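Here's the structure, in structure tokens; my notes come after.
The values are calculated or read from the model by the stated rules, or taken from the named source; none is laboratory data. What you are looking at is a predicted structure, and each value in this text was computed from that prediction instead of being measured. Quick reminder, even Gly has a Cβ in these numbers, built from the backbone with ideal geometry, and neighbours come from all protein chains shown. We work out accessible area using only protein heavy atoms, side chains counted, and drop any ligands, DNA or RNA first. Shrake-Rupley method; radii C 1.70, N 1.55, O 1.52, S 1.80 Å.
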Amino acid sequence: MKSMEDYINLEQTIYQNILQNRHDILQEITQLSATELASYESIVIFATGSSSNAAFAAQPYMASKLQIPIYIEEPSFAANYMMHLNQKTLYMAISQGGHSYSTIHIVEEIEKYGGTVFTLTSDPESPIAKTAKHVIGMGMGLEEMPYVTAGYSATILILDLLALELAHQMKRLNVEDYEKELDEMRKISCFLPEVIAKAEQWIEGLKEEFLTADRMIFVGYGSTYGVAREGETKITETVRISAFGKELEEYMHGPYIGLAKTDRIFFIEPHGKLEGRAEKLKQFLAGHVETVYTIYADKVEERQARDLMLGVQTSEYLASLFTTIPVHLLAYKVSQWKGINLEISAYPEFDNITGSKI
């Protein structure tokens, strides 16, 4: 079985394949007429876990290009308490592996009540692919490792491309700007090996600090909010310590009160609208926490010794396409240093009892 690290190293190839084959991958939804597309006033995405994190990472880019609200909802809550379909809403469901019970359920419910939902999955033979009427393949093959890395990143890229293609099709984006956006995504894919190398060096250099952590807190905003959420998911799943992923302002409204000096706090900085707010929070934390790290998308003139600069100059809306790499590598390497076998389930009886995965 390939490891998380193996899949991280495959991301450049996966990105390039998706970019090259985007029209075939997205055909199920882009074949809608411009009139039908223009009738949608919002998009609702149903997802859980890393799929949900990826949707949050793509949400700002999608909203900026399509110029409509993009919402991410919990499938179980929606299916049981919010099943009120709107003809002016475009529905999507994401299950990378295709086995999520709650996501399969929401797809069944929407279709039962006569709605249309487009389902994104990497496995064309999975339960959700067999259930859904409208399936979008991810164009990357199956990810063997249950703690997904490449699948998470591929989901962000596909959602970004979906917004780009639909915006172009609806003439909300001219040809020149469309090509510029594609070039930016291609540029990011070219930088991925360098991003991985920098992240590995950073993690190895701070090994003892990461290895002795009792709790990790990830803070992001805009597209990196989804990255912060993914930090919580992956550290909890693989390192099996307490971890939290918070949006910047959300963290500043209550959670900061639970600080402990030994907390390891990570800022995921895309150099965007709220960079100044993030700096103020870091200024406060410096007086109360021993270790604060910042993962910068690009370079900065003044950096602290523990910071990581990835050196990719791009829009804050696209920063989530590569800023998760250090987070995924951190989760993998610390789990291995601790001797955790990720191929063995921590609680093998869980799915048998709960039916969380079909």
Sort the following peptides by mean Cβ neighbour count (other Cβ atoms within 10 Å, averaged over residues), highest first: 285-293, 237-245, 118-126. 118-126, 237-245, 285-293
Going by amide H atoms built from the backbone, whose H comes under 5 Å of the H on THR294, apart from near neighbours? PHE267, ASP307, LEU308
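Which of rounded, prolate or oblate describes the stretch 124-217 when judged by the alpha-carbon gyration tensor and an a/c cut-off of 1.5? Working shown, then result.
Working: a/c = 2.79, a/b = 1.40, b/c = 1.99.
Oblate.
Quick check on the stretch 1-127: take the gyration tensor over C-alpha atoms, sort the square-rooted eigenvalues as a ≥ b ≥ c, and tell me if it's rounded (a/c under 1.5), prolate or oblate.
Details: a/c = 1.77, a/b = 1.29, b/c = 1.37.
Oblate shape, in that a/c is at least 1.5 and b/c is the bigger or equal ratio.
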GLU208 accessible area, nearest 10 Å², 1.4 Å probe? 120 Å²
Provide the percentage of antiparallel DSSP beta bridges, counting only those with both residues in the chain; round to the nearest 5. 5 percent
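Rank ASP24, ASP6, ASP298, ASP160 by accessible area, highest first, at a 1.4 Å probe radius? Before the final figure, lay out the partial values.
Details: ASP24 115, ASP6 70, ASP298 35, ASP160 0 Å².
Largest to smallest exposure gives the sequence ASP24, ASP6, ASP298, ASP160.
In square angstrom, what is the accessible area per residue of the chain with a 1.4 angstrom probe? Intermediate values should be presented prior to the final figure.
Numbers: 15620 Å² over 358 residues.
The answer is 44 Å² per residue.
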Let me know the charge dipole size of the stretch 246-358 about its Cα centre in debye, to the nearest 20, where only the beta-carbon of Lys, Arg (+1) and Asp, Glu (-1) is charged. 240 debye
So, in Å, what gap is there between the alpha-carbon centers of the stretch 55-83 and the stretch 331-352? 30 Å
Which percent of the accessible area of the stretch 147-260 is formed by carbon and sulfur heavy atoms (probe 1.4 angstrom)? 52 percent
Counting only the heavy atoms of the protein chains, how much of TYR113 is accessible to a 1.4 Å probe, in Å² to the nearest 10? 140 Å²
Report ³J(HN,Hα) in whole Hz for each residue of the stretch 290-306, in order, from the Karplus equation J = 6.51 cos²θ - 1.76 cosθ + 1.60 where θ = phi - 60°; Gly and Pro get x. 6, 9, 10, 10, 10, 9, 8, 5, 10, 9, 10, 5, 10, 10, 8, 4, 8
To the nearest 20 debye, what charge dipole does the chain have about its Cα centre, counting +1 at the Cβ of each Lys and Arg and -1 at the Cβ of each Asp and Glu? 380 debye
Kindly write out, for the stretch 14-21 in residue order, the coupling ³J(HN,Hα) from the Karplus curve 6.51 cos²θ - 1.76 cosθ + 1.60 (θ = phi - 60°), rounded to whole Hz, with x marking Gly and Pro. 5, 4, 4, 5, 5, 4, 5, 9
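Quick one: dipole size for the stretch 58-114, taken about the Cα centre, charges +1 on Lys/Arg Cβ and -1 on Asp/Glu Cβ, in debye to the nearest 20. Spell out each step's value before the answer.
On the way: 3 positive and 5 negative charges, 49 e Å.
Rounded to the nearest 20 debye, it is 240 debye.
I need the shape label for the stretch 186-296. Rule: rounded when a/c is under 1.5, else prolate if a/b > b/c, else oblate, with a, b, c from the alpha carbon gyration tensor. It would help to have the intermediate numbers written out before the result.
Details: a/c = 1.62, a/b = 1.18, b/c = 1.38.
Because a/c hits 1.5 or more and a/b fails to exceed b/c, the stretch 186-296 counts as oblate.
Counting alpha carbon pairs within less than 8 Å and at least 6 residues apart, what relative contact order, in whole percent, applies to the stretch 226-305? Don't skip to the answer; put the middle values down first.
Working: 72 pairs, mean separation 22.3, N = 80.
Taking the mean separation of contacting Cα pairs over the length of the stretch 226-305, I get 28 percent.
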Per principal axis, descending, Cα span of the chain in whole Å: 55, 52, 39
Of the candidates PHE267, PHE218, PHE77, which one comes out as most mobile in a Gaussian network treatment of the chain with C-alpha springs shorter than 10 Å? PHE77
